[in-house]
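The values are calculated or read from the model by the stated rules, or taken from the named source; none is laboratory data. Remember, it's a predicted structure, so these values are computed and weren't measured experimentally. Virtual Cβ from ideal backbone geometry, glycine too; neighbours counted across all protein chains shown. We work out accessible area using only protein heavy atoms, side chains counted, and drop any ligands, DNA or RNA first. Shrake-Rupley method; radii C 1.70, N 1.55, O 1.52, S 1.80 Å.
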Amino acid sequence: MSSGLPGPAPTERPTPEGRRNKQGIRIDPEVEAEPATRRAVISVLVEHEPGVLSKVSGLFSRRQFNIESLTVGPTENDSRARITVVTEESDPGIDQIEKQLRKQIPVISVKELPENAINRELALVKVEAENPDQVAAVAEMYDANTVDACPETVTVEITGSRQKIAAAVETFERFGVHEVTRTGTAALARGSESTTDDTTPQSTNQ
């Protein structure tokens with residue numbers, strides 16, 4: 001006579017589908033699915049000192065964050081520089097980027113800018129000069145300036161949004177594009193809104 005509990009044998013019991021973690025707990029496929037990503041522009045105010053860019057870029061490399069572009073330059077204060085980071089991550093990933101940036105010693109302020117912030121990028125596009133009049137017409141259409149010309153090529157400078165730059169490069173491809181270089185995004189908050197996060201504790205180093 002069996003002393004086991006009543007019910008079907010182990011082999012006859014239903015087995016939930018799905019992968020299990022190291023503890024043997026079943027993982028819900030919907031929970032396991034990767035969260036949706038979004039594009040975020042983060043402004044980072046830092047002390048203008050040697051090595052600050054390598055410290056910040058090294059952080060992204062170690063954490064394997066998905067960085068679309070990273071630009072850096074001086075501000076109205078000679079002792080400070082502004083780094084603009086464009087990333088494509090999920091909301092938890094963006095929060096983690098901001099937290100990790102705030103831990104860096106040279107960092108003064110970290111702020112994600114709203115969608116209506118002023119975003120500008122510069123590109124240099126070198127194209128075939130076989131049809132210079134047509135190249136000039138396209139350049140005028142995108143408010144681009146010719147910065148170099150020779151019998152073989154014409155190089156134009158374009159400034160504007162990421163979408164405008166991409167559209168201009170695509171249009172110039174009809175002439176044959178030799179080379180393209182882009183600066184990445186520089187951004188500021190609109191109107192009287194500050195690009196600096198005033199809630200971030202600021203360094204007293206000058």
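Scanning the range 85-106 for residues that are under 29 Å from GLY160 (Cβ atoms), among the hydrophobic types (A, V, I, L, M, F, W, C) and either open to solvent by 10 Å² or more (accessible area, probe 1.4 Å) or under 13 Å from the mean Cα position of the chain (by Cα) (or both) returns VAL85, VAL86, ILE94, ILE97. Residues that are open to solvent by 80 Å² or more (accessible area, probe 1.4 Å) and over 30 Å from VAL85 (Cβ atoms) within the range 149-173 comprise PRO151, GLU152, listed in sequence order. Taking the range 55-71 as the range and being touching a residue at least 40 places away in the same chain (Cβ under 8 Å), open to solvent by less than 80 Å² (accessible area, probe 1.4 Å) and outside any strand (DSSP E or B) as the test, the residues that pass are VAL56, LEU59. Between GLY184, GLY176, the distinction of being over 25 Å from VAL107 (Cβ atoms), of a type in the set (Gly, Ala, Ser) and open to solvent by less than 60 Å² (accessible area, probe 1.4 Å) belongs to GLY176 only. Per the listing VAL177, VAL135, VAL147, the residue uniquely hydrophobic (A, V, I, L, M, F, W, C) and within 28 Å of PRO74 (Cα to Cα) is VAL147. Filtering the range 128-177 to residues that are in contact (Cβ under 8 Å) with a residue 40 or more places away in the chain and among the aromatic types (Phe, Trp, Tyr) leaves PHE172, PHE175.
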